[in-house]
Amino acid sequence: MSDEEDDLILDELDDSELVLQMHDDLYDGMADEIAEAVHILLKRGWTPYDILTKALVEGMRIVGIDFRDGILFVPEVLLAAGAMKKGMHILKPLLVETGAPQLGKMVIGTVKGDIHDIGKNLVAMMMEGAGFEIIDLGINNPVEDYIDALKREKADILGMSALLTTTMPYMKTVIDTMVEQGIRDDYIVLVGGAPLNEEFGKAIGSDAYCRDAAVAVETAKEFMARKHNQA
Amino acid sequence: MQTLIIACGALAREVLALIKLNNWQHMELQCLPADLHLRPEKIPDSVEAAVGAARGKYERIFVAYADCGTGGLLAARCEKLGVEMISGPHCYSFFEGNEGFAARGEVTSFYLTDFLARQFEAFVWKPMGLDKHPELRDMYFGNYEKLVYLAQTEDEALTKAAQSAAKRLGLVFERRFTGYGDLRKALDQA
């Protein structure tokens, strides 16, 4: 009885309260509540793009900050990501219909010999939420998969991920092959993964090492803006 | 004067067993918390602090860590400090033998050692949040195919524990007896 009384009725919140509540619900990984709130905002006439950016992406940005600061850990981030995914699942077809700004196209994948994709999936989701088109190559990618996809998709950005000390050097193999083929400077190359660091990113010839998904989004935006300024 | 072995807490039993087996009376063991295994970015600073505190008290200091997810940073730090460490990417590799491990080129195996079989709950299941959210299991382990238990000792109870861990993770179980592998060689030269 008292539980029922304590239950928050999302539909009774005004828009700004509801968006703040969505940030909280994302933080707590409450996927069903996120789905419900997305439907409420759609019913109230919000555009899918506004829901995505103001409620979901902003909520995940807060999650990202607390992960970086050691307040949240991987399980909580995964639950939050699961909740965001549920919201995005509703919004994705609507975004196609209503249109949303496209910031660029990214080919992303985990390198050869590595099957870890949690970080890569988070980056892909956050990049997609920020307005990038994502071509996700999945795990265990040899150099030719990356290069074929970059050319085929006319992508702007290559994102490579690795969790293992033993697989991270493969990123250099990919970049060296791009240099050999004379296509290195045609793409922005971003790298990430737990054992990587900025020095490594520089040493292998990437454009940037991205510590987490939020940094990846900001870095990609920055490089795309520079690219447009050059054009 | 003695040799100090600064080791990952996950290697404590194995290092002590080797010291006893080989009667290495010149060796002393100091362990850093095994849970650094979960936060490898903290390993280089923790090792440096331990080396700094032990300087001058021992003839030699040896770091019983492999790279352990530090992306080369631990090796760089040890070089700066003038101390040696175990070669190889991690304990799974040096227990099996670095060459043999690399030659297998296994991509879809998740490894347990005696320590991790014994401490599966505390070092795998709980830190990954699987005690509260078992639904996350396939996000973590969906791309793995088998759990390989690299056994340092013949211990039926540990084998059963590792087998049960494989079942909980939804992975095929395989046991390989490795003994102490390259750890013995590394300490022998320390």
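Derivation of every value follows stated rules applied to the coordinates shown; laboratory data play no part. For clarity, every value in this text was computed on a predicted model and none was experimentally measured. Don't worry about glycine lacking a Cβ; one is built from the backbone with ideal geometry, like all the others, and counts go over all protein chains shown.
Connecting C-alpha atoms closer than 10 Å in a GNM of chain B, tell me which of B:Gln119, B:Gln25, B:Gln152 has the biggest fluctuation.
Top of the fluctuation ranking is B:Gln25.
Amide H of B:Arg176 versus every other amide H placed in the peptide plane: which residues, excluding those fewer than 5 positions away on the same chain, fall under 5 Å?
For B:Arg176, the qualifying residues are B:Tyr149, B:Leu150, B:Ala151.
Hand me the trypsin sites (Lys or Arg not before Pro) from region B:14-113 located in a DSSP loop with no more than 16 other Cβ atoms within 10 Å, in residue order please.
Listed in order of number, the matching sites are B:Arg55, B:Lys57.
Between B:Lys160 and A:Ile65, what FRET efficiency follows from the Cβ-Cβ distance if R0 is 45 Å, with the result rounded to 0.05?
On the way: r = 43 Å, r/R0 = 0.96.
My answer for the efficiency is 0.55.
Other chains' Cβ within 10 Å of A:218-227 residues: what's the mean?
Across A:218-227, the average partner-chain Cβ count within 10 Å equals 0.
First select every other residue whose beta carbon is under 11 angstrom from the beta carbon of B:His90; then total the charges, Lys and Arg +1, Asp and Glu -1. List each step's numbers first, then the result.
On the way: positive: none; negative: B:Asp67, B:Glu96.
Combined, the nearby Lys, Arg, Asp and Glu give -2.
Give me the net charge for the shell around A:Met125: Cβ to Cβ below 12 angstrom, other residues only, Lys and Arg +1, Asp and Glu -1. Mind showing how you got there, number by number?
Details: positive: A:Lys85, A:Lys86, A:Lys92, A:Lys120; negative: A:Asp117, A:Glu128, A:Asp136.
Around A:Met125, the charge tally is +1.
Does region A:117-231 come out rounded, prolate or oblate, given a ≥ b ≥ c as the square roots of the eigenvalues of its C-alpha gyration tensor, rounded meaning a/c under 1.5 and, failing that, prolate meaning a/b above b/c?
rounded
Starting from the amide H of A:Phe132, placed 1.01 Å from N in the peptide plane, find each other amide H under 5 Å away whose residue is 5 or more places distant or on another chain.
A:Leu103
Answer rounded, prolate or oblate for the protein assembly as shown, using the Cα gyration tensor with square roots of eigenvalues a ≥ b ≥ c: rounded when a/c is under 1.5, else prolate when a/b is larger than b/c, else oblate.
prolate
Can you work out the Karplus-derived ³J(HN,Hα) for every residue in region A:33-39? Use 6.51 cos²θ - 1.76 cosθ + 1.60 with θ = phi - 60°, whole Hz, and x for glycine or proline.
5, 5, 4, 4, 5, 4, 4
Between the DSSP loop rule and a limit of at most 15 other Cβ atoms within 10 Å, which trypsin sites (Lys or Arg not before Pro) in region A:135-202 are left?
Qualifying residues, ordered by number: A:Lys154.
As a check on your grasp of the helix formula, calculate [θ] at 222 nm for chain A: sum -39500 (n - 2.57) over DSSP H runs of n ≥ 4, divide by the residue count, round to the nearest 500.
After summing the helix terms and dividing by the residues of chain A, the value is -17000 deg cm²/dmol.
Show the residues, 5+ positions off or on another chain, whose built amide H is closer than 5 Å to the amide H of B:Leu29.
Here B:Ile5 satisfy the definition.
Filter A:Lys120/B:Lys146; B:Lys57/B:Lys185; A:Lys112/A:Lys172; A:Lys86/A:Lys154; A:Lys54/A:Lys86; A:Lys120/A:Lys151 down to the pairs with a C-alpha to C-alpha distance above 18 Å, please. Present the calculation step by step, with values, prior to reporting the outcome.
Working: A:Lys120/B:Lys146 22 Å; B:Lys57/B:Lys185 24 Å; A:Lys112/A:Lys172 12 Å; A:Lys86/A:Lys154 29 Å; A:Lys54/A:Lys86 16 Å; A:Lys120/A:Lys151 21 Å.
In this structure, A:Lys120/B:Lys146; B:Lys57/B:Lys185; A:Lys86/A:Lys154; A:Lys120/A:Lys151 exceed 18 Å between Cα atoms.
Determine the shielding of peptide A:109-116 by partner chains: average, over its residues, the number of Cβ atoms on other chains within 10 angstrom of each Cβ.
The shielding value for this peptide is 2.
From the Cα gyration tensor of region B:3-85, with a ≥ b ≥ c the square roots of its eigenvalues, which class applies: rounded if a/c is under 1.5, or else prolate if a/b is larger than b/c, or else oblate?
Numbers: a/c = 2.02, a/b = 1.30, b/c = 1.55.
Here region B:3-85 falls in the oblate category.
Students often check this: by mean Cβ neighbours within 10 Å, which of A:191-197, B:127-133, A:158-164, B:171-177 ranks highest, and how do the rest follow?
A:158-164, A:191-197, B:127-133, B:171-177
How big is the gap, in Å, between the Cα center of region B:155-179 and the Cα center of region B:90-111?
Cα centres, region B:155-179 to region B:90-111: 16 Å.
As a test, work out the antiparallel percent of DSSP beta bridges whose residues both lie in region B:92-177, rounded to the nearest 5.
0 percent
Kindly provide the helix-only [θ] at 222 nm of chain B, computed as the sum of -39,500 (n - 2.57) over DSSP H runs of four or more divided by all residues, to the nearest 500 deg cm²/dmol?
-11000 deg cm²/dmol
Per residue of B:67-73, count partner chain C-beta atoms within 10 Å of its C-beta, then hand back the mean as an integer.
So the per-residue partner count for this stretch is 6.
Pop out the ³J(HN,Hα) list for region A:105-118 in order, Karplus 6.51 cos²θ - 1.76 cosθ + 1.60 with θ = phi - 60°, rounded to Hz; leave Gly and Pro as x.
10, 10, 9, 9, x, 7, 6, 3, x, 10, 10, 7, 10, 5
Where the centre of each part is set by its Cα atoms, how far does region A:35-72 sit from region A:153-180, in angstrom?
31 Å
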